[in-house]
Every structure is written in C-alpha cells, then in structure tokens.
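Values in this text are rule-based calculations from the coordinates and carry no lab data. A quick note: this is a predicted structure, and the numbers were derived from the prediction, not measured. Every residue, glycine as well, gets a Cβ built from its backbone with ideal geometry; the counts of neighbours run over all protein chains shown.
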Amino acid sequence: MTSNAPDVTTYIEGLPAERRAAIEKLRKLCRRNFKGYEECIEYGMPVYKRNGTLEIAFASQKNYIALYGMKKGVLDEFRGALPGSDTGKGCIRFGNPDKIDFEVVERLLRRNAESKEAAC
C-alpha cells in the first residue's frame, strides 16, 4: 500500500493496529543499524538513504510486511534463517507480523549496512 504520509511517524500512525508494533520494531532496528542515514518517505514508504542513495526500506503492504533493498549476498546468507517468509531478488516479505524473528532481522540489517555490495 502506498502512503501519502509526509514522515515516518505519520506513516506508522496510519497503519492498522495489528501491524503497528512490527513496523515500529523495524523502524527501531533500522535507526539502530543505519545511524547517520536520512530517514524519510519515498515511494510511499519509510526509507533510509545515505548520500542520496536509498539503502533500505520497509512497508506494510496488503498481505505482508516487507523489507526492500536487501543486498543479494546478505539476503542469500540469511535466507535459511527466515522460515515463513517469502524472499525475492532484494526483498523479504513477512506474511504474519507476529512471526517475524526480530533477532534475525537485526543481524540481517547490520550485515546489510556493513556490506559494500550494491542493493538489488
């Protein structure tokens, strides 16, 4: 779902209640692992940019919560640690917000931030 929210706080406030806690956790993890990055809304979702380049994004879609901008090598490294999720070329889709393993997501985000590889 594309949002017209002007900032991330407003984006989160506009989400269905059952999605808010998971999205707030993703935001917290992104802020922790992408220090010094610009947090803003682009493409109707929260994104984290460095030097004007989008590095990572997340969104509450109709049927899932997604992380976008994953680097292929990092995503391949963690693919087996993400049961119950659907992975694409550079994204991870979580169908059930209550089953997101945020410890794995944090490790994945940390590696993604450290990686010099270009995002998919």
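Please check: in the Gaussian network model of the chain (C-alpha springs, under 10 Å), which one of Lys62, Lys89, Lys72 has the largest mean-square fluctuation.
Among Lys62, Lys89, Lys72, the largest GNM mean-square fluctuation belongs to Lys62.
Once every DSSP H run of n ≥ 4 in the chain is given -39500 (n - 2.57) and the sum is divided by its residues, what mean residue ellipticity at 222 nm do you get, rounded to the nearest 500 deg cm²/dmol? Provide the component values of the computation, followed by the final result.
Numbers: 4 runs with 43 residues, N = 120.
The helix contribution divided over the chain gives -11000 deg cm²/dmol.
Within a 10 angstrom radius of the beta carbon, how do Lys35, Lys71, Lys116, Lys25 rank from fewest other beta carbons to most? The partial results should precede the final answer.
Details: Lys35 9, Lys71 22, Lys116 6, Lys25 15.
Neighbour counts put them in this order, fewest first: Lys116, Lys35, Lys25, Lys71.
With +1 assigned to the C-beta of every Lys and Arg and -1 to the C-beta of every Asp and Glu, and no other charges, what is the dipole magnitude of the range 8-114 about the Cα centre in debye, to the nearest 20? Intermediate results must be reported in sequence, preceding the final value.
Working: 20 positive and 15 negative charges, 33 e Å.
It comes to approximately 160 debye.
Can you run phi through the Karplus equation (6.51, -1.76, 1.60; θ = phi - 60°) for the range 16-30 and list ³J(HN,Hα) in whole Hz, with x for Gly and Pro?
x, 3, 6, 9, 4, 4, 5, 5, 4, 5, 4, 4, 4, 5, 5
Which listed residue (Ile23, Gly73, Thr9) has the Cα farthest towards the positive end of the charge dipole for the chain, taking +1 on Lys and Arg C-beta and -1 on Asp and Glu C-beta about the Cα centre?
Gly73
Whole-Hz ³J(HN,Hα) for each residue in the range 82-87, computed from phi via Karplus 6.51 cos²θ - 1.76 cosθ + 1.60 with θ = phi - 60°, x for glycine and proline: what do you get?
Once rounded to whole Hz, the list reads 10, x, x, 10, 10, 10.
What ³J(HN,Hα) values, in whole Hz, does the Karplus curve 6.51 cos²θ - 1.76 cosθ + 1.60 give for the range 65-80 when θ = phi - 60°, with x put for Gly and Pro?
With the stated coefficients, the range 65-80 comes to 10, 10, 10, 10, x, 5, 7, 3, x, 5, 4, 4, 4, 9, 3, x Hz.
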